[in-house]
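Read-outs: derived from the displayed coordinates by stated rules, not from any lab. None of these values were measured; they are calculated from a predicted model. Reconstructed Cβ throughout: ideal geometry from the backbone, glycine too, with neighbour counts over all protein chains shown.
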Amino acid sequence: MSAELLVLLIVIVTALAFDFTNGFHDTANAMATSIATGALKPRVAVALSGLLNLIGAFLSVSVAATVAKGIVQLNEVSGQDLLVIVFAGLVGGILWNLLTWLLGLPSSSSHALFGGLIGSTIAALGWNGVIWASGSEGVLIKIVVPAILAPVIAALVGAIGTFLVYRVTRGVDQDKAAEGFRWGQVGSASLVSLAHGTNDAQKTMGVIFLALVAYGSVDKDDHLPLWVMASCAIAIALGTYLGGWRIIRTLGKGLVEIESPQGLAAESTSAAIILTSAHFGLPLSTTQTATGAILGTGIGKGAEVRWRVMGRMAVAWLLTLPMAGIVGALCWALATVIGGLPGVLVVFAVLIAGALAIYLRSRRDPVGTHNVNEWPEGQPAATPQSSIEQNHAG
């Protein structure tokens, strides 16, 4: 086995590891509100989400094409140099994903990946190595602009949807309405999971395709191999089933107290925006979209919003691209200074050590199905059913 082939295999394994972290990091986007309202049991929710992520990954390849061809100037680099750039970017994305998971912050896995790739590309090729803007393509058009607009649009649509839902059903028996909305949530949460697989799994497909182009086994204009699609679909589905309970708790209980009508409005909003972005090949942050929709439901209902929690999320969003980029650049520098296969192996060891350290730290304060619906101040969050019953009694 040649050194370059071994580097390619390490890059593919690392890409699938990122896809796995993307799954458990973003499970909350689809299932946090359904778990918070009791529409789905926690384990049933993540199993359903994992299955639908698996299916969704096969529905489109538009986003994969954007990632594979829309970030790095492929005419500037090739071969093992490109493989090292991709590898370093993946390490940056994984470590930022794990850190924000440890902190329970729903930051963008997509932006962690893009930040890592952009950072390693700048370190290797300079600013001109990144496709910043090229007509309707490039980082600014395909990544930065959607990142700014998505949470704002989601919050606005979520607020309007929630207001209308409560207004239309105000004369309906509250117990029957709550039951109906819970069933509706099962459908809307399923749609978000399908949309998440359609959008997010493709980002890893694009990265692996980029690595295959670097190795020379495919041309940049070739079709995406089926084995790439299948492996990425399985990796994100397994990660989704793992749960990501810390972030589920933050989105389900930390931002606003969610009732079933709000959950249905938030999930429907998220699914519509994510599927639209996937159709146009926009690698949208599903996390920012889902968070914006949940925030909007709180505003639309006139419920209390924990703005301090929202502030922490916003800071994480702002830091994701630059911090993942810095890690990606440092990893590229370390791999390059050591050189060749040994440099890649050293960075791979750093990744494993960092991931293990974060996991061991998380065990000091475990979050799982037993406490996912309890906000950390020690006070169990009021369940949506009790809230509905109180409103009905009043």
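Across the stretch 172-265, Cα pairs under 8 Å and at least six residues apart give a relative contact order of 47 percent.
Across Trp227, Trp332, Trp96, mean-square fluctuation computed from a Gaussian network of the chain (C-alpha pairs under 10 Å connected) peaks at Trp227. Protection proxy ranking for 85-92, 345-352, using the average of other Cβ atoms within 10 Å per residue and placing the highest first: 85-92, 345-352. Beyond 23 Å in Cα-Cα separation lie the following of the pairs Lys203/Lys253; Lys253/Lys301; Lys41/Lys301: Lys203/Lys253; Lys41/Lys301.
Note: relative contact order over the chain, using C-alpha pairs below 8 Å and six or more positions apart, is 35 percent.
Screening the chain for DSSP H helices whose Cα atoms reach 20 Å or more along their own axis and whose mean Kyte hydropathy is at least -0.5 gives 3-37, 42-56, 79-102, 109-125, 145-168, 174-215, 226-242, 260-279, 286-301, 307-338, 340-362. Approximating the spin labels as points 7 Å out from Cα along Cα→Cβ, the Val172-to-Ile338 distance works out to 5.9 nm.
Segment Ala303..Ala349, full-extension length gain: 11.9 nm, with 0.36 nm per residue of separation and the alpha-carbon distance subtracted. Site pair Trp183 and Lys41 shows an inter-label distance of 2.0 nm when each label is modelled 7 Å from Cα along Cα→Cβ.
Rg/Rh for the chain to two decimals, with Rh computed the Kirkwood way over all alpha-carbon pairs. Please list the in-between numbers first.
Working: Rg = 20.8 Å, Rh = 20.9 Å.
My calculation of the ratio gives 1.00.
Scoring 175-184, 99-108 by mean Cβ neighbours within 10 Å over their residues and listing the highest first yields 99-108, 175-184.
Between His370 and Glu76, full extension at 0.36 nm per residue minus the direct alpha carbon distance yields a gain of 100.7 nm.
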